[in-house]
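Participant: Below you'll find the structure I mean.
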Protein chains: 2
Amino acid sequence: MNLNRKIGNQTINFINPVSISSFGCVVGKKEKNGPLGKWFEHTLDNNYDHEKTWEKSEQKMLQSAMEIALEKKNYIPSDLEYFLAGDLLNQIICSNFTARSFGVPYIGLYGACSTLVEGLILGSMIIDGNYGQKVGVATSSHYETAERQLRFPTELGVQRAMTAQWTVTGSGSFVLENQIDQLMITQGIFGKVIDMGISNAMNMGAAMAPAAADTIVTYFKDTGKKPEDIDLIVTGDLGNIGRVLCKDLVQEEGFDISSNFTDCGVLVFDPSQDVHAGGSGAGCSSSVLAGYLLPQLLNNKWKSMLLVGTGALLSPTSSQQGESIPGIAHGVLIEKKVIGG
Amino acid sequence: MNLNRKIGNQTINFINPVSISSFGCVVGKKEKNGPLGKWFEHTLDNNYDHEKTWEKSEQKMLQSAMEIALEKKNYIPSDLEYFLAGDLLNQIICSNFTARSFGVPYIGLYGACSTLVEGLILGSMIIDGNYGQKVGVATSSHYETAERQLRFPTELGVQRAMTAQWTVTGSGSFVLENQIDQLMITQGIFGKVIDMGISNAMNMGAAMAPAAADTIVTYFKDTGKKPEDIDLIVTGDLGNIGRVLCKDLVQEEGFDISSNFTDCGVLVFDPSQDVHAGGSGAGCSSSVLAGYLLPQLLNNKWKSMLLVGTGALLSPTSSQQGESIPGIAHGVLIEKKVIGG
């Protein structure tokens with residue numbers, strides 16, 4: 001019995017079943033008013049959500065998203081053997097305080113907007129490797145908390161560059177279990193940090209595109225798959241500019257993904273919403289995955305999906321000190337299984 | 001064949017061999033002048049280390065520590081299949097930029113001062129679970145970068161409370177491999193977030209002690225072990241105040257660890273160094289482990305060690321918004337094996 005899980009340079013095969021048994025999400029009003037609005041069941045009244053601060057609102061949103069996923073299965077937080085979470089706030093406080101409420105073993109992650117996929121791969125390893133049977137994974141982001149921490153307080157009304165992305169107010173959560181179910185995570189790939197020297201923090205899509213392309217191309221090479229072997233390749237979140245760059249970079253390596261490639265930051269907003277290059281944030285890919293992509297997999301719109309979480313690993317301090325923007329991208333393959341079919 | 005790795009509520013048994021095949025550390029001058037000074041081979045000339053900023057100096061230190069460990073085995077960074085790292089800076093930039101230099105799959109972690117043990121457990125899972133054969137784990141902290149970000153810029157000369165700990169300038173790194181060797185990681189335990197309502201950010205040892213005690217007691221209950229079954233129990237970093245509190249809390253649960261319990265923050269500085277409650281920082285436990293504890297295991301001073309990494313999961317923002325300090329503690333059991341004995 002060959003138990004080696006690694007294929008090629010970076011890709012991981014999960015041998016034991018890892019299912020996404022439940023998922024939930026909460027988004028803000030702007031996201032509810034976007035093209036995916038009808039898919040989002042739980043929405044904040046406003047970005048304060050009856051809390052005194054935006055940060056407390058974001059923490060509550062993350063916790064609610066996880067609780068929604070748990071309730072669908074009649075689980076309570078203490079049923080989770082591990083809780084893996086991350087967000088964009090310094091010291092990932094939304095995740096920490098949610099973990100405090102849950103009181104279960106907690107693994108804090110930071111990968112900027114790639115955090116969700118980082119968590120899904122690690123969570124899948126925990127299940128696949130027999131370290132546990134129920135794992136919660138969740139991420140969040142919030143427009144006002146992210147903007148004031150990473151760029152400018154929104155009250156300042158600073159004009160945004162046309163290349164800038166709009167941080168999604170949203171959170172998505174996932175319960176992973178060791179069972180065969182309709183939604184299965186079957187492969188994962190941790191990406192390398194790639195930095196092509198872009199230092200404009202108002203153009204993060206371009207900074208992350210090379211990392212996304214590298215992970216997608218490496219995945220094809222590792223597995224021998226072709227783009228048409230996967231129904232949907234979806235990054236989160238390159239936005240409009242980064243998505244096109246990524247597609248072209250993958251094309252240069254001989255893989256044409258033009259017909260089945262999209263991006264969570266492109267899906268979540270309409271250009272009429274004045275978001276410039278699209279959505280971003282650790283809660284963008286998680287809320288789009290939980291709100292729209294997984295339900296559509298269940299609806300048989302697609303049978304397989306490579307979700308590639310992309311992160312810009314800068315900080316205001318690194319930018320102020322003249323550093324360029326390192327990008328990273330991790331991927332998971334999610335497949336729709338026909339149960340008993 | 002029962003492949004289940006979980007024992008009791010939270011403890012993990014590694015079934016396949018996970019060795020610490022190499023390790024390295026770099027510390028600052030103050031740490032070199034402390035009681036463990038003779039154990040630290042690599043020291044910064046000063047906390048700038050010929051860089052323009054303290055942050056760049058910390059990043060270089062983290063990278064150097066990992067490179068030292070790799071060089072001992074004649075490895076190069078690209079030999080690593082995964083690099084797991086974290087630090088205290090916002091968006092963990094020291095780790096991100098080190099990962100950029102290495103160009104290998106990267107998993108960014110945040111657990112404050114518990115990050116090292118979080119990384120060691122996840123790295124051990126990767127090896128034990130057959131996801132890879134060589135994993136690098138490293139963390140760092142730096143007095144000036146941490147103080148100015150989390151409390152006050154050191155130039156201000158703000159008086160420090162007697163309960164405050166001194167952030168260690170240091171970094172420790174570890175290479176994990178799937179082989180039988182002298183230093184083996186055999187068990188791990190992820191801790192729960194525990195918050196007893198302490199909100200004084202100048203007394204983090206007290207805030208973290210309940211989490212450390214919970215993890216230690218849970219480990220004993222999960223494994224059926226008694227304190228005397230382990231040669232050394234060492235937290236990192238509760239400091240003088242937190243260490244005593246933790247010992248008492250563990251005692252209340254019926255386990256007497258008074259004779260074999262210490263703390264990295266207690267070991268690293270002498271009271272004459274004016275550090276008040278002792279050392280702290282994500283680089284404290286990693287540099288003390290790599291510089292002193294593992295060499296002493298190799299010297300047969302101890303045969304087994306439970307390293308419990310403790311983290312205070314607050315941020316300046318959470319404190320300003322009136323939140324108390326959530327604590328967490330993760331543990332790993334490291335054993336000295338007699339090879340061919």
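The values are calculated or read from the model by the stated rules, or taken from the named source; none is laboratory data. Quick caveat: nothing in here was measured; it's all calculated off a predicted structure. Every residue, glycine as well, gets a Cβ built from its backbone with ideal geometry; the counts of neighbours run over all protein chains shown. Keep in mind that these areas ignore ligands, DNA and RNA; they rest on the heavy atoms of the full protein, side chains included. Shrake-Rupley method; radii C 1.70, N 1.55, O 1.52, S 1.80 Å.
Participant: For residues that are small (G, A, S) and more than 8 Å from chain B (Cβ to nearest Cβ), scanning just region A:95-124, find the one that is nearest to A:L333 (Cα to Cα).
Facilitator: The selected residue is A:S124.
Participant: Just to check your reading of the model, which residue among A:G239, A:G254 is in the same structural domain as A:N200 (by TED's automatic domain parsing), over 17 Å from the mean Cα position of the chain (by Cα) and at positive phi?
Facilitator: A:G254
Participant: Return only the number of the condition from (1) under 24 Å from B:E41 (Cα atoms); (2) open to solvent by 10 Å² or more (accessible area, probe 1.4 Å) that B:M202 does not satisfy.
Facilitator: (1)
Participant: Looking at the structure I just gave you, is B:G224 on the phi > 0 side of the Ramachandran plot and away from every other protein chain (no Cβ under 13 Å)?
Facilitator: The answer is yes for B:G224.
Participant: On the given criteria, is B:L313 within 14 Å of chain A (Cβ to nearest Cβ), touching a helix residue (DSSP H, G or I) at 6+ places or on another chain (Cβ under 7 Å) and hydrophobic (A, V, I, L, M, F, W, C)?
Facilitator: yes
Participant: Determine whether region A:16-27 contains at least one residue that is closer than 23 Å to A:E335 by Cβ, open to solvent by 60 Å² or more (accessible area, probe 1.4 Å) and out of contact with any helix residue (DSSP H, G or I) (no Cβ under 6 Å at 6 or more places or on another chain).
Facilitator: No, because not a single residue in region A:16-27 is closer than 23 Å to A:E335 by Cβ, open to solvent by 60 Å² or more (accessible area, probe 1.4 Å) and out of contact with any helix residue (DSSP H, G or I) (no Cβ under 6 Å at 6 or more places or on another chain).
Participant: List the number of the failed condition for A:T53; all other conditions in (1) among the β-branched types (V, I, T); (2) touching a residue at least 24 places away in the same chain (Cβ under 8 Å); (3) open to solvent by 20 Å² or more (accessible area, probe 1.4 Å) hold.
Facilitator: Just one mismatch for A:T53, condition (2).
Participant: Can you pull out the residues in region A:159-202 that are among the basic types (K, R) and within 14 Å of chain B (Cβ to nearest Cβ)?
Facilitator: A:K192
Participant: How many of the residues in region A:20-47 are of a type outside the set (F, W, Y), closer than 28 Å to A:T186 by Cβ and within 17 Å of the chain's Cα centre (by Cα)?
Facilitator: So the count comes out to 7.
Participant: Same structure again: Can we say A:R148 is within 11 Å of another protein chain (Cβ to nearest Cβ) and either open to solvent by 30 Å² or more (accessible area, probe 1.4 Å) or touching a residue at least 60 places away in the same chain (Cβ under 8 Å) (or both)?
Facilitator: In short, yes.
Participant: Considering only region A:183-211, state which residues are outside any helix (DSSP H, G or I) and either basic (K, R) or in contact with a strand residue (DSSP E or B) (Cβ under 6 Å, 6 or more places away or on another chain) (or both).
Facilitator: A:L183, A:M184, A:I185, A:T186, A:Q187, A:G188, A:I189, A:F190, A:G191, A:K192, A:V193, A:I194
Participant: Out of region B:94-121, which residues are of a type in the set (A, V, I, L, M) and either closer than 30 Å to B:I216 by Cβ or open to solvent by 10 Å² or more (accessible area, probe 1.4 Å) (or both)?
Facilitator: B:I107, B:L109, B:A112, B:L116, B:V117, B:L120, B:I121
Conditions tested, residue by residue: (1) within 14 Å of another protein chain (Cβ to nearest Cβ); (2) modelled with pLDDT under 95; (3) assigned to a strand (DSSP E or B).
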residue: A:L3; (1), (2), (3): yes, yes, no
residue: A:N9; (1), (2), (3): yes, no, no
residue: A:G34; (1), (2), (3): no, no, no
residue: A:D45; (1), (2), (3): no, yes, no
residue: A:E55; (1), (2), (3): yes, no, no
residue: A:E58; (1), (2), (3): yes, no, no
residue: A:M61; (1), (2), (3): no, no, no
residue: A:A69; (1), (2), (3): no, no, no
residue: A:I93; (1), (2), (3): yes, no, no
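Participant: So B:Q133 ticks every box in (1) within 23 Å of B:P17 (Cα to Cα); (2) buried (at least 24 other Cβ atoms within 10 Å of the Cβ) but one. Which box is left unticked?
Facilitator: So the condition that B:Q133 fails would be (2).
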